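Participant: The structure follows.
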Amino acid sequence: MAETKENYDLTPRVAPNLDRHLVFPILEFLQERQLYPDEQILKFKIELLNKTNMVDYAMDIHKSLYHTEDAPQDMVERRAEVVARLKSLEEAAAPLVTFLLNPAAVQELRADKQYNLQMLKERYQSFASPLNQVQNRIWLMHWGLYIFFNHDNGRTQIIDLFNQDKYLNAIQTSAPHLLRYLATAFIVNKRKRPQLKEFIKVIQQEHYSYKDPIVEFLACVFVNYDFDGAQKKMKEVLAEKLNLNYEEAERWIVNLIRTSKLDAKIDSESGTVIMEPTQPNVHEQLINHTKALSGRTYKLVTQLLEHTQGQAAR
């Protein structure tokens, strides 16, 4: 089982989207679970710290790794540079900090993000134009994992954020591994079942680009209707994490089917699930085809009026 966990470790994929200091809790987790040798984790930490200002921490790890009370000379010199740079940055940021601490000045900020960025840029030269929105969203989602999975309502909030079109597009474009966390949020959250249907479509689209047991579990249940496969994934990964035995895992899948309003029947005698056809009925098809009719009609009328006015002006 240890080999399976190591194979599915997302640290190499998640870490590039995090600030260095946010990677340390992940390394602490891996060290606690003994997924890698302790010496290897300590070397990773020192390598990670080499390009940061956390010199004191690097010194402590070096002493622990090499069983010594002396720090290398380069670390000592680096510490002096960090202290000097810290003072310089405090002085440079002082005008902006003063602005944020002034209630009257803060009231100048508006709901218009572009106005705020432009105003702060002109006054403090501290903000650049958001040219790479996709990358910014990816970073935000990675950072947000620390909050969402440590907050009582975090499972709902991660769905509300990640499942928005612009964030979901960013995931599909550059960070498909985040599907694991969104899938987990859906699995443990009973209040977001309507949004689950749209997420299942994304799983189908990304089937060939990203797989892991949690995402495959949802695919087994909602795409392939492979409940034997779902039970296997549950037993392999989810049941262990949720402290469920095999029979409890089976009941959990049954409840998931019921609360998700799938068109299915459960045969308790044979231990099978019978899926009904998913083709929408005539009424549902009519609703789907006419859902955006009013919007299209309004747009067509507007275009006709503009054309008529243009002809009259001639």
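The values are calculated or read from the model by the stated rules, or taken from the named source; none is laboratory data. In this text the structure is predicted, and so the values were computed from the model without any measurement. For neighbour counting, all protein chains shown are included, and Cβ atoms are generated from backbone atoms with ideal geometry for every residue, glycine included. Heads up: the accessible areas ignore ligands, DNA and RNA and are worked out on the full protein's heavy atoms, side chains in. Shrake-Rupley method; radii C 1.70, N 1.55, O 1.52, S 1.80 Å.
Participant: Given Phe44, Phe24, Phe29, which one is surrounded by fewer than 15 Cβ atoms within 10 Å (Cβ to Cβ) and either over 25 Å from the mean Cα position of the chain (by Cα) or among the hydrophobic types (A, V, I, L, M, F, W, C) (or both)?
Facilitator: Unique residue meeting the criteria: Phe29.
Participant: How many residues does segment 158-177 hold that are touching a residue at least 40 places away in the same chain (Cβ under 8 Å) and open to solvent by less than 10 Å² (accessible area, probe 1.4 Å)?
Facilitator: 2
Participant: Something else about it: Name the one entry in Lys113, Lys192 that is at pLDDT below 85 and open to solvent by 60 Å² or more (accessible area, probe 1.4 Å).
Facilitator: Going through Lys113, Lys192 in turn, just one is at pLDDT below 85 and open to solvent by 60 Å² or more (accessible area, probe 1.4 Å): Lys113.
Participant: For segment 210-229, how many residues are over 17 Å from the mean Cα position of the chain (by Cα), of a type outside the set (D, E, K, R) and either modelled with pLDDT under 80 or outside any helix (DSSP H, G or I) (or both)?
Facilitator: Total meeting the criteria: 4.
Participant: Please list, ordered by residue number, the helices (runs of 4 or more DSSP H) wholly in segment 1-107 having 1 or more residues that are closer than 24 Å to His177 by Cβ.
Facilitator: So the answer is 2-7, 11-14, 20-33, 38-49.
Participant: Can you work out which of the residues in segment 1-21 that are among the charged types (D, E, K, R) and at pLDDT 80 or above is most open to solvent (accessible area, probe 1.4 Å)?
Facilitator: Selected residue: Arg13.
Participant: Still on this structure, please answer the following. Name the single residue that is modelled with the highest pLDDT among those in segment 116-139 being open to solvent by 80 Å² or more (accessible area, probe 1.4 Å) and assigned to a helix (DSSP H, G or I).
Facilitator: Here the answer is Asn136.
Participant: If we scan segment 67-80, do we find a residue that is free of Cβ contacts under 8 Å to residues at least 60 places away in the same chain, within 30 Å of Met141 (Cα to Cα) and surrounded by 13 or more Cβ atoms within 10 Å (Cβ to Cβ)?
Facilitator: no
Participant: Check Leu117, Leu109 and return the single one that is in contact with a Phe, Trp or Tyr (Cβ under 7 Å, 6 or more places away or on another chain) and either farther than 26 Å from Leu27 by Cα or free of Cβ contacts under 8 Å to residues at least 12 places away in the same chain (or both).
Facilitator: Leu117
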